[in-house]
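Taken together, the values in this text are just the output of simple stated rules run on the coordinates, not laboratory data. Predicted model only: the values in this text are computed from it and were never measured. Note: ideal-geometry Cβ built from the backbone for every residue, glycine included; neighbour counts use all protein chains shown.
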Amino acid sequence: MTRGTGQDEGHGAPRSVDVARVAGVSQKTVSRVFNDEPYVSADVRRRVLEAAEQLGYRRNSAARALASGRTRSIGVVTLGTALYGPASLLMGVERVVRDTGYALRVVNTMEGDPAGVAGAVDSLLDQGVDGIVISEPIDEEGGEGDLSVRVNVPVLVLGSPPPFTASTVLFGGRGADLMARAAVEHLLDLGHPTVHHLAGPQRWYAAKDRLEGWRAALAAHGREEPPVVEGDWSAASGYAAGRQLAADPGVTAVFAANDDMAIGLIRALTEAGRRVPEDVSVVGFDDIPVAAYVTPPLTTVRQPFDTVAQEGLKRLVHAIENPQAEALPASDPPVDLVVRASTQPPPPRTPPGRRRHSACPSRGEASSPSLPKKGPSTHH
């Protein structure tokens, strides 16, 4: 993507007078075109719109922003979903934006719309926002690899949406692969020979990152990589996967890409006579509020939504208010593995021809097996 070249670099955002000069018309004619007034010929209207597109001119709100300096508003592009991860991140962003004294403008995209991000960004630019947060978790197949809009304000990207060009691009909210790796290494350190993976839908960047973290952990430990079972983030898909995995006696540990699927998985394993954690250990991802209260309480990776929002918005506001300064550095995301009762060492292998008898500890026991000292911080 290229910026318009019909203005001097020192002018900043293009003005209506620049559009008039390029189109060869008066500034009043430019105003008439954008106000959709009558008595403007089709040829003149076409020339004005083409000049505006060439320059990347934004009407009304952008002009007011130029006159006052800034609108003190930040736009957010996010997927319209009630799923825990995207919704929690949006809530974190809303809290931080409010604390910074900026107004928040949110545009939701819809799953299955390849042009959703470009249209949302375009809408926010038309509103004259001073900066944009893109929290778009889905790779829409068939969409443009590069956003077809000029972005002349700083942009904070949370995750890994398609690449695009902007005056300043900041990144945050990465590191899901490292968190997933910590979850898998916890199971391997307990003594499990390998770890199966219940993945999220692979159109989601988060699901891809967690899959890569699982693979990296197994490869680093020289362990076999079992076939991946893919769900859709729902507990129902976790239950279906659990019925499939329960039929394999070699499954002793499963890392699920989110807590909802982990909860459905545990239900299916239990119904099939595979006890958790005595027969199969399960780790989830997110630490949803109910994770501590299911049976057994779920070991999971806690996502740092508030930390990601606070750091990201601090860097974005700094870029807005200090356009000539260097960007603030990003820090590594914290890895917070919350260890509860859904994981323990694997059951002892039973010699052929002999049945294994093991006592089933009470679900109410507060103690848990001794865990390795290395690795990420743990909470009980």
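Annotations
- Peptide ranges 101-110, 191-200 listed from the most packed, as the mean C-beta count within 10 angstrom indicates: 191-200, 101-110
- Amide H partners (placed H, <5 Å) of R275, local residues excluded: V280
- Extension gain (nm, one decimal) between E212 and V228, 0.36 nm per residue minus Cα-Cα: 4.6 nm
- Computed 3J(HN,Hα) for region 273-278, one whole-Hz value per residue from the Karplus formula 6.51 cos²θ - 1.76 cosθ + 1.60 where θ = phi - 60°, is x, 9, 6, 10, x, 4, glycine and proline marked x.
- As a length-normalised measure over Cα pairs under 8 Å and 6 or more apart, the relative contact order of region 9-57 settles at 45 percent.
- Remark: the R275-Y39 segment gains 77.2 nm on full extension, using 0.36 nm per residue and subtracting the alpha carbon distance.
- Distant-in-sequence amide H partners of A103 (H built 1.01 Å from N, under 5 Å): S73, I74
- Segments 281-293, 256-268 sorted - mean Cβ within 10 Å per residue, highest first: 256-268, 281-293
- Taking Cβ atoms as reference points and 11 Å as the exclusive limit, the residues near H197 contribute a net charge of -1, counting Lys and Arg as +1 and Asp and Glu as -1.
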